[in-house]
Structure formats: structure tokens, C-alpha cells
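The values are calculated or read from the model by the stated rules, or taken from the named source; none is laboratory data. Remember, it's a predicted structure, so these values are computed and weren't measured experimentally. Glycine gets a Cβ as well: all are built from the backbone with ideal geometry, and neighbour counts include every protein chain shown. We work out accessible area using only protein heavy atoms, side chains counted, and drop any ligands, DNA or RNA first. Shrake-Rupley method; radii C 1.70, N 1.55, O 1.52, S 1.80 Å.
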Amino acid sequence: MRQRLLREDVGTVHAQQTGIVPSNREDAVPARIRNEMPPAQSEGIGLVQAEIADPAKSAGIVAAQSTPPTLVHGRYLLTADLKNRLRERGVETSHGPGGMWIPQEAGFEGPCSLKWMDLYGFLKMGAFSYAVSGHYNNVEIGRYTSIGDDVQMGRGDHSISWISTSPHFYLNEKLFDVGHDFAGAAEYDTFRPDTTGAQGFVMGSRITVGHDVWIGHRAYIRQGITIGTGAIIGAYAVVTRDVPPYAVMVGNPARAVRFRFPEPLVARLLASRWWTLAPWQLTGIDLSRPEVSIDALERRVAESEPFAPSVFRVTDLL
């Protein structure tokens, strides 16, 4: 029941007329296609769409000969075989077999860790990133990102511009799995709202998390948000607007209380694209003193070949 409710409520964002969602968003779609999967994007993580789609470029992954895992509502049930295959390709899962569902559209750069994440829609996880637990719906995560426990990303919104905020008036299916021995049962069983000509919704807006982001325990990230590289989201923060790179955000609603570094240093760090290197490629650079080490960091990036992680989709393992 819980999975069904989550699936039905996935991606529902306020209509554009509320002013909460910018009118020029490309991901605005009508309610009738609310369950359509947005096209995969690779910005901010280095997951190249062509590489993911082409098995020949997916680090030599060979299709499994065993029976594929159960597929329900676009998610695969984690089996012992799939868990092992993910681990071999550099993806850690802390759940045991049967304890996790992985979206059919999930893509990874190894090594990374899913730990106890609860996944919906699709996911892209960059190399050296992890999340401990929580709800993740339609999320793209960069490299070196650290996400704490019970973080909520992409929970469904409700319209605030309609007369009612209840999904009974915009979801074209039964909301509750109930029997027939209650008043109005027959009418409830057959009722479907008529949304012809109704004000549309933005459905399933993607959350994009940059590189080297730290998100604290129980933070809430609203659909469609972009969190810039180097940002910090404090524990229990409620993020309702895009976050600039290297901003430190706290509170409800979250606000920037400061930036991690002075603006000139932020600009140099972003321009360096240091996250294109693996940790061992940065050996010898004192990362604890950014202002002292920025010159050496820039030289190292300029002199090094970018790290080329294994890039694959979960379907490449089946």
C-alpha cells in the first residue's frame, strides 16, 4: 500500500500558475502523462548518455544468463545475484536480497554506495558518492557527494491553486486499496475525476545534486531543485529553491547563512573541475588548506588524465 501511494504521488508539483514553478521550465507536462519518465540527463555527474545506452561502452558488462529479478512499476527487486553484480561493478548496497527496489532507469559510476536508499523514478549516482537512507525520486547526484540518514528528495507535492489539495481530484485511479463494506463503497470503487481542461501540473521534476555536496540528516529537498557543487545542506533543512555553489543552507525554509570560501576561491575551484580526478590522483596535495593548495590543485588537474569510472545502467547487469 505504501509503495502504491508513493508511486501515485510521485512527481506532482504545483501548477505553474502558482509561481512556485518557473513558467519556462522545460519539464512542465500535463497531468495525463504524470507517470512518464523524464529523459535521462548527464549534466553535473559525468554520466554520458551515449555511454550508458551503448553496452559496448559500459565497461565490458556481460548480460546475465540467470532469471531476471522481479520488475514492478519500473523497479527491480534486489536479488542476491543482482546485489553481487552491483558490488562487482563498484556499487554497494546495504540491504539484503529482497530488501530494496532499484529503478529500471538507474545509472551508476563506480565506486559509489546506495546503502539503505529507498529509490523511485530514476537515479544517477556519480563516483565516490553515497547516501545513507531516505526517499529518492528522480534524482541525479554528482561525484564525491555525501548524503545523510533519512533524507527526503522528490516527495510529491499537491496543487495549492485548485479548490482542493486532495489527490482524489486529480489522480485517475483508486487511491486506497479498500473493500466494499462501507458507505459509498460502490461509488468510490468506480469514481474517477474528470480532469479534462484542468490546470496542468509539472510532474516528476528532476532534482540535480552537484559534486562534493554534503546533505545532512533528514533534510527535505523539493522536486525540481538544483543544488550547486560544493554546497552544504544542514540537518532538517527544507530546501525549496535552487542552491548556489558552495553555499551553506540551514533552516525552514532553507537560507544561505554563508559561503564556504571567498568568491575568488569558489570560482577557481569550480573552474578546476577537480572532481574529474580520483582520490589517488590528488595524492600529495594538502586538501585541508584550499587557499594554499589551489595552485597545486589546478596544476594537477591540468597535468592529469580525468578518471574514467565504470559507467553502466542496472539493466546492463541483467
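Whole angstrom only: what separates the Cα centroid of segment 160-180 from the Cα centroid of segment 196-227?
22
Apply the Karplus curve 6.51 cos²θ - 1.76 cosθ + 1.60, θ = phi - 60°, to the phi angles in segment 289-294 and return the couplings in whole Hz, x for Gly and Pro.
Coupling constants for segment 289-294: 10, x, 5, 7, 9, 4 Hz.
Working with all protein chains in place, sort 255, 241 by solvent-accessible area computed with a 1.4 Å probe, largest first.
Descending order: 241, 255.
State the three equivalent ellipsoid semi-axes of segment 231-277, derived from the C-alpha gyration tensor as the square roots of 5 times its eigenvalues, in descending order and whole Å.
Taking √(5λ) for each eigenvalue gives 23, 11, 8 Å, largest first.
Please sort by residue number the chymotrypsin sites (Phe, Trp or Tyr not before Pro) in segment 157-234 whose DSSP state is loop and whose Cβ has at most 12 other Cβ atoms within 10 Å.
Answer by residue number: 176, 182, 191.
Heavy-atom accessible area of residue 211 with all protein chains present, probe 1.4 Å, nearest 10 Å²?
Residue 211 has an accessible surface of roughly 10 Å² with all protein chains in place.
Note down, for segment 234-318, the three equivalent ellipsoid semi-axes (square root of 5 times each alpha carbon gyration tensor eigenvalue), biggest first, whole angstrom.
Rounded to whole Å, the semi-axes are 28, 24, 10.
In Å, what Kirkwood hydrodynamic radius results for segment 160-280 from the alpha-carbon pair distances?
Computed over Cα pairs of segment 160-280, the Kirkwood hydrodynamic radius comes out at 18.0 Å.
Hey, what do the phi angles of segment 96-103 turn into as Karplus ³J(HN,Hα) couplings, whole Hz, using 6.51/-1.76/1.60 and θ = phi - 60°, x for Gly and Pro?
Result, ordered by residue: x, x, x, x, 8, 10, 10, x Hz.
If we restrict to alpha carbons, what Rg and Dmax does segment 200-257 come to, in Å?
10.9, 35
Using Cα pairs under 8 angstrom and six or more residues apart, how large is the relative contact order of segment 223-318, in percent?
Relative CO of segment 223-318 lands at 17 percent.
Ordered by residue, what ³J(HN,Hα) values in Hz, to whole numbers, does segment 267-284 give under the Karplus form 6.51 cos²θ - 1.76 cosθ + 1.60, where θ = phi - 60° and Gly and Pro are x?
With the stated coefficients, segment 267-284 comes to 4, 5, 5, 5, 5, 5, 6, 4, 5, 6, 9, 7, x, 5, 7, 9, 4, x Hz.
Per the 1.4 Å probe, what fraction of the accessible area of segment 272-318, in percent, lies on carbon and sulfur atoms?
Carbon and sulfur: 52 percent of the exposed surface of segment 272-318.
Would you mind giving the three semi-axes, in whole Å and largest first, of the ellipsoid equivalent to segment 56-171 according to its Cα gyration tensor?
That gives 29, 17, 13 Å for the three semi-axes.
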